[in-house]
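Visitor: Below you'll find the structure I mean.
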Amino acid sequence: MKKVYQILIVLAMAILIPFYGNAQCKSFAKKVCKLELAPYIHDGNFNAAILTEGEDAELYKTFYAGQNYRIYICGSDALPEIEFQVLDVDRNVLYDNRKENYSRIWDFTLESSQQLIISLRVKNSEDESEELISGCVAIMFGIKEDN
């Protein structure tokens, strides 16, 4: 019976720990990342996940014509550089932060409404440690009101 109890505890921890990490990551996005959108107004969504160096992620989002947007990529200080690209649905690159010294902010306005793909990749660390670095990465969206 003791063995069954131990197995249940291990299973519960395996299920709950990722949720706890994601909750901390969303809290990081709310408390730290949101502030960097100013003077743009946050769109209300917190897109955040824990990524490990070498990992990538994509997010699809619809943007509307004539609206001024800011995309801000926010990552834990421990992480190496974060590469991000903005692509259209045909995967044509509209923006690549590697050409902008890994800038984490891109401000833009579209001529036509469309769905875009935000593609992220956490670079591999130059440190030759065997332990991979993980941390929170958030994609924040802001809209600028017309003055």
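Visitor: Arranged by the count of other C-beta atoms within 10 angstrom, fewest first, what order do 62, 52 take?
Guide: 62, 52
Visitor: Right, next: Which GluC sites (Glu not before Pro) does the range 60-147 hold that lie in a coil by DSSP with at most 14 other beta carbons within 10 Å?
Guide: 111, 126, 128, 130, 131, 145
Visitor: Could you run the Karplus curve 6.51 cos²θ - 1.76 cosθ + 1.60 with θ = phi - 60° over the range 112-127 and give me ³J(HN,Hα) per residue in whole Hz, x for Gly and Pro?
Guide: Couplings: 9, 5, 6, 8, 10, 10, 9, 10, 10, 8, 7, 4, 6, 5, 7, 6 Hz.
Visitor: On a C-alpha basis, how far is the centre of the range 28-70 from the centre of the range 78-145 in Å? Whole number, if you could?
Guide: With the range 28-70 and the range 78-145 each reduced to a Cα centre, they are spaced 10 Å.
Values quoted throughout were computed directly from the atomic coordinates according to the rules given, and no laboratory measurement underlies them. Note that this is a predicted model, so its numbers are computed, not measured. For neighbour counting, all protein chains shown are included, and Cβ atoms are generated from backbone atoms with ideal geometry for every residue, glycine included.
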